[in-house]
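Data first, discussion second: the structure below is written as structure tokens.
The values are calculated or read from the model by the stated rules, or taken from the named source; none is laboratory data. Keep in mind that this is a model prediction, so the values were computed, not measured. Note: ideal-geometry Cβ built from the backbone for every residue, glycine included; neighbour counts use all protein chains shown.
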Amino acid sequence: MNSGIDLQQSVIEILSNLGLPPGVAKLVWLPLPMVLMLVTAVLGVFTGVWLERKISAAAQQRIGPEYIGPLGILAPAADGLKLLFKEDITPGNADAVLFTIGPALVVIPVFLSYLVVPFGQNMLISDLSIGVFLWIALSSIAPIGLLMSGYASNNKYSLLGGLRAAAQSISYEIPLALAVLAVVMMSNSLSTIDIVNQQSGYGILGWNVWRQPVGLLLFWIAALAECERLPFDLPEAEEEIVAGYQTEYSGMKFALFYIGSYVNLVLSALFVAILYFGGWGFPVPLEQVASLLGVSETNAVFQVVMAAIGIVTTLLKAYFFIFLAILLRWTVPRVRIDQLLDLGWKFLLPVGLANLLLTAGLKLTFPFAFGG
Amino acid sequence: MLKFLNKIGDYAKETLQSARYIGQGLSVTFDHMQRRPITVQYPYEKLIPSERFRGRIHFEFDKCISCEVCVRVCPINLPVVDWEFNKELKKKQLRHYSIDFGVCIFCANCVEYCPTNCLSVTEEYELSTYDRHELNFDNVAMGRLPYKVTDDPMVTPIREFAYLPAGTLSGHDLPASAQRAGDRPEDVAKTLKTSSPEQSED
């Protein structure tokens, strides 16, 4: 398996050729991917918000944002600008410190999770050996932030909203982890790169969807619940007057929750693409096609094209699932809190366990197909 | 054991059923995305009000006989009829007439009962002002005719649902020749005039 483009090494080489010591060159390189990832995540949020508005409008036979930039693409920017200029209120009897830390604690882990999202063989910030586990671990910090902001608001509705959000996040983390575990078991690694590589080679036929259809459904339902999206958005429940744990928030602190929810949605969609749809892999195995045509794998042009195709396919797969989430939003009614917990504990958890057992059994019986 | 398996089977069946329902719902939502938006982009586009539309009330000063029927039939006695008895003519003479459209509910009872037809409804509905007292229209203001939507070069007039040809759901991008079923009110009025000229003179 060719490793493709290694941006880090090439940048460091270029810098050391310019006369910088290798240590300094590495130091110059270090912040670059992080900034790039931050920009990617924010752009992803902008696209997500814009898509949400346009697709929602289309599903309701409306037009949606039209005059804010071409086709209304600047609508999310206008939202952000408005929130930026709004007064940042801290309620009189609220615990100011916890009230401020809360939203940050919700947002930062989500952004940190982008560390392990790969867009290509070397197109990620760090190929951790605990990859997916890092994401799951980080996503379990969010309930603390939610609870913190709900409790610190000193408002009974906020507190109840925070408790609900925490209950929801905690109960859906387990089926999510079980679904991921089944995938991990097949690829014998927690690293996101290994998970994608294990699916590559046969194009669309090698993807995990075919081996884990139940896991995909489980994962997607649990991910929607984790992102607090309809039909599981009852901690916030847009149409209702009291906005759950966000009730007392305004200005940029509210914007943090808002950004956090969309970053989380994009992240979940990216993880669906990585875990079940072969990550950056193209539906047709391009490497084999290239070798058939006699194009060398070390060819620079080929590598650049492959990297570009990888990024685009990853994003396309992810945005397909965002589209699905938006479509679901206007199709399915919101569940009640007891139905939500029922679904999580009495349906998804046993199904997840059964799926895990089944995967283990299949892995033992058909090691060639299920990663023995 | 068998009972337990049966239970699981039923549960699985129910799950599949609900999954199918969600799928059907998704297909409905997806189908809606291909339909043309029904949005009327006011103020660039406006709906043509129907001929039964009860908008701002028009008043013709010279026809009024100051009988105050309009005041009596009004749910809140809104019209203000300011008249004086002219002893030489032995007639009531109207000095001012006004209706406060900030209070009016546009029921058009006054129009219905006016014996001399000096009151009529127009299709004007754009009555927003910065001060509610500006909505208190006097006889001069009430004598003005609204600008028709179809005559405004800045506005694309769009027909309402009831005025579309059979089977059409959207008033957008329709040729003017595509008419709704049945006669237009002008045509109906014409046939009435030719069939009974004596009656219409009464």
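Checking B:Q93 against (1) surrounded by 14 or more Cβ atoms within 10 Å (Cβ to Cβ); (2) not in a helix (DSSP H, G or I), which test does it fail? Only one criterion is unmet by B:Q93, namely (1).
Just wondering, is there one or more residues in the range A:305-322 that are part of a helix (DSSP H, G or I), within 14 Å of chain B (Cβ to nearest Cβ) and more than 17 Å from A:L216 (Cα to Cα)?
Narrowing the range A:305-322 to residues part of a helix (DSSP H, G or I): A:305-322.
Imposing the further condition that a residue be within 14 Å of chain B (Cβ to nearest Cβ) reduces the set to A:320-321.
From what's left, more than 17 Å from A:L216 (Cα to Cα): none.
There is no residue in the range A:305-322 that is part of a helix (DSSP H, G or I), within 14 Å of chain B (Cβ to nearest Cβ) and more than 17 Å from A:L216 (Cα to Cα).
For the structure I just gave you, tell me whether A:S10 is under 26 Å from A:V196 (Cα atoms) and either surrounded by 18 or more Cβ atoms within 10 Å (Cβ to Cβ) or of a type outside the set (A, V, I, L, M, F, W, C) (or both).
Working: under 26 Å from A:V196 (Cα atoms): yes; either surrounded by 18 or more Cβ atoms within 10 Å (Cβ to Cβ) or of a type outside the set (A, V, I, L, M, F, W, C) (or both): yes.
So A:S10 fits the description; yes.
If you filter the range B:42-56 down to residues that are farther than 18 Å from B:A108 by Cα and buried (at least 16 other Cβ atoms within 10 Å of the Cβ), you find that the one that is farthest from the other protein chains (Cβ to nearest Cβ) is B:I48. Would a scan of the range A:328-346 turn up a residue that is farther than 30 Å from A:R53 by Cα, part of a helix (DSSP H, G or I) and within 14 Å of another protein chain (Cβ to nearest Cβ)? Looking through the range A:328-346, at least one residue is farther than 30 Å from A:R53 by Cα, part of a helix (DSSP H, G or I) and within 14 Å of another protein chain (Cβ to nearest Cβ).
Residue by residue, here is whether (1) more than 14 Å from chain A (Cβ to nearest Cβ); (2) touching a Cys at 6+ places or on another chain (Cβ under 8 Å); (3) farther than 17 Å from B:T116 by Cα; (4) aliphatic (A, V, I, L, M) holds:
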| site | (1), (2), (3), (4) |
| --- | --- |
| B:P37 | no, no, yes, no |
| B:V40 | no, no, yes, yes |
| B:H58 | yes, no, no, no |
| B:R72 | yes, no, no, no |
| B:I76 | yes, no, yes, yes |
| B:F101 | yes, no, yes, no |
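Applying the condition of being within 20 Å of A:E52 (Cα to Cα) and more than 7 Å from chain A (Cβ to nearest Cβ) to the range B:24-35 and asking which residue is modelled with the lowest pLDDT yields B:Q34. Determine whether the range A:160-174 contains at least one residue that is among the β-branched types (V, I, T), touching a helix residue (DSSP H, G or I) at 6+ places or on another chain (Cβ under 7 Å), in a helix (DSSP H, G or I) and in contact (Cβ under 8 Å) with a residue 12 or more places away in the chain. Scanning the range A:160-174, I find at least one residue that is among the β-branched types (V, I, T), touching a helix residue (DSSP H, G or I) at 6+ places or on another chain (Cβ under 7 Å), in a helix (DSSP H, G or I) and in contact (Cβ under 8 Å) with a residue 12 or more places away in the chain, so the answer is yes.
Scan the range A:53-65 and give yes if some residue there is away from chain B (no Cβ under 14 Å), in contact with a helix residue (DSSP H, G or I) (Cβ under 6 Å, 6 or more places away or on another chain) and more than 30 Å from A:L286 (Cα to Cα), otherwise no. Break it down into steps so the answer makes sense when it comes.
Kept after step one, since they are away from chain B (no Cβ under 14 Å), are these residues of the range A:53-65: none.
Scanning the range A:53-65, I find no residue that is away from chain B (no Cβ under 14 Å), in contact with a helix residue (DSSP H, G or I) (Cβ under 6 Å, 6 or more places away or on another chain) and more than 30 Å from A:L286 (Cα to Cα), so the answer is no.
The residues of the range B:130-181 that are in a strand (DSSP E or B) and acidic (D, E) amount to a single one, B:D138. Residue count for the range A:45-73 under the criterion of being in a helix (DSSP H, G or I), touching a residue at least 40 places away in the same chain (Cβ under 8 Å) and either under 17 Å from the mean Cα position of the chain (by Cα) or surrounded by fewer than 18 Cβ atoms within 10 Å (Cβ to Cβ) (or both): the result is 7.
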